Amino acid sequence: MMIKFKNLNLTILRELNAQMDCKIQWKIDAEKQIIKLKLKMLTMKKMEALEYFTNQGYKSTYHGDQRQQ
């Protein structure tokens, strides 16, 4: 009788461990996706800023060294 319960307990513990491993892996995958999205957003912001400064920012405010002689 005790052996039967011990095997059942081990089976339950193994199942719980497997479920926890899956949850941990899911959380890791979710964190990876969040990091990828944040990196993508930063890259897009960088490109927008670069486009702004090259298209209008520098052209409208910086005219180079135009000394009149």
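Every number in this text was worked out from the coordinates using simple rules, so none of it is lab data. Since the structure is predicted, the reported quantities are computational estimates derived from the model, not experimental observations. As a convention, Cβ positions derive from the backbone with ideal geometry for all residues, glycine included, and neighbour counts pool all protein chains shown.
Excluding I34 itself, what net charge comes from residues whose Cβ is under 13 Å from its Cβ, given Lys and Arg +1 and Asp and Glu -1?
So the environment of I34 carries a net charge of +3.
Kindly write out, for the stretch 9-21 in residue order, the coupling ³J(HN,Hα) from the Karplus curve 6.51 cos²θ - 1.76 cosθ + 1.60 (θ = phi - 60°), rounded to whole Hz, with x marking Gly and Pro.
4, 5, 5, 5, 4, 4, 5, 5, 4, 5, 5, 5, 4
For K40, list the lysines whose Cα falls under 28 Å from its own Cα; do not include residues on the same chain fewer than 8 positions away.
K23, K27, K32, K59
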